[in-house]
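Reading through the structure tokens given below for one structure.
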Amino acid sequence: MMEKLFKGLNKQVANLSVFFTKLHHYHWYVEGPQFYQLHEKFEALYDEMNELYDGFAERLLMIGGQPVSNLKSYLELTSLKEASGKEAPMVMAKHILNDIKLINTELKELLLVAQELGDEVTADMLIGTISSFDKHIWMLSATTK
């Protein structure tokens with residue numbers, strides 16, 4: 001069961017790394033009337049993902065796992081797709097929304113594993129992330145209507 005937790009956390013390390021890069025791409029390349037709002041939002045999101053990425057990797061180390069730490073491994077494990085190029089601003093926002101929804105679903109599944117193992121610290125970390133992602137889902141859903 002512990003191996004299942006290690007694999008799930010490693011998948012999230014990969015997801016957060018790929019998402020961090022995708023958010024930077026969108027931050028740099030967003031254009032149009034929503035530029036300022038989206039440029040700022042993408043920056044806030046990649047700052048948050050950077051903290052989560054580091055936190056999940058360090059948690060893995062604390063509980064005896066080994067976080068993946070190279071681009072090849074991230075791309076093999078991630079559930080996400082990389083940015084494809086110069087997407088329109090609202091397409092960027094929709095892609096981010098969908099990525100957050102996907103990660104959030106995986107986090108909820110991983111939460112059950114952590115709770116079954118009695119790993120309340122990891123469970124707490126996952127609950128905090130799920131809560132934050134729920135708010136992002138609400139806000140991005142409102143933005144992309």
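The values are calculated or read from the model by the stated rules, or taken from the named source; none is laboratory data. Computed from a predicted model, the values in this text were never measured in an experiment. Glycine gets a Cβ as well: all are built from the backbone with ideal geometry, and neighbour counts include every protein chain shown. When the accessible area is computed, the model is the full protein with side chains, heavy atoms only, and any ligands, DNA or RNA have been set aside. Shrake-Rupley method; radii C 1.70, N 1.55, O 1.52, S 1.80 Å.
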When residues of segment 88-124 are filtered for being in a helix (DSSP H, G or I), over 19 Å from Y46 (Cβ atoms) and of a type in the set (A, V, I, L, M), how many remain?
7
Would a scan of segment 54-69 turn up a residue that is of a type in the set (K, R), at pLDDT 95 or above and surrounded by 21 or more Cβ atoms within 10 Å (Cβ to Cβ)?
yes
I'd like to verify a number: residues in segment 53-78 that are under 16 Å from the mean Cα position of the chain (by Cα), touching a residue at least 60 places away in the same chain (Cβ under 8 Å) and outside any helix (DSSP H, G or I), how many?
1
Condition check: farther than 20 Å from L23 by Cβ, at pLDDT below 95 and open to solvent by 50 Å² or more (accessible area, probe 1.4 Å). Does K86 satisfy that?
no
Is it the case that V121 is more than 13 Å from the chain's Cα centre (by Cα) and surrounded by 14 or more Cβ atoms within 10 Å (Cβ to Cβ)?
no
In segment 12-27, which residues are in contact with an Asp or Glu (Cβ under 8 Å, 6 or more places away or on another chain), under 17 Å from P67 (Cβ atoms) and surrounded by fewer than 21 Cβ atoms within 10 Å (Cβ to Cβ)?
T21
Where the second residue is among the charged types (D, E, K, R) and the first is within 14 Å of E109 (Cα to Cα) and lies in segment 125-142, which pairs have Cβ atoms under 9 Å and are six or more apart or on separate chains?
M125/R59; L126/K108; I130/K108
Could you please let me know if A88 is within 14 Å of H27 (Cα to Cα) and in contact with a helix residue (DSSP H, G or I) (Cβ under 8 Å, 6 or more places away or on another chain)?
no
Would you check if L111 is in contact (Cβ under 8 Å) with a residue 24 or more places away in the chain and surrounded by 15 or more Cβ atoms within 10 Å (Cβ to Cβ)?
no
Keeping to segment 28-45, report how many residues are open to solvent by less than 30 Å² (accessible area, probe 1.4 Å) and either of a type in the set (K, R) or in a helix (DSSP H, G or I) (or both).
3
Given (1) open to solvent by 40 Å² or more (accessible area, probe 1.4 Å); (2) assigned to a helix (DSSP H, G or I); (3) of a type in the set (K, R), K81 misses just (2)
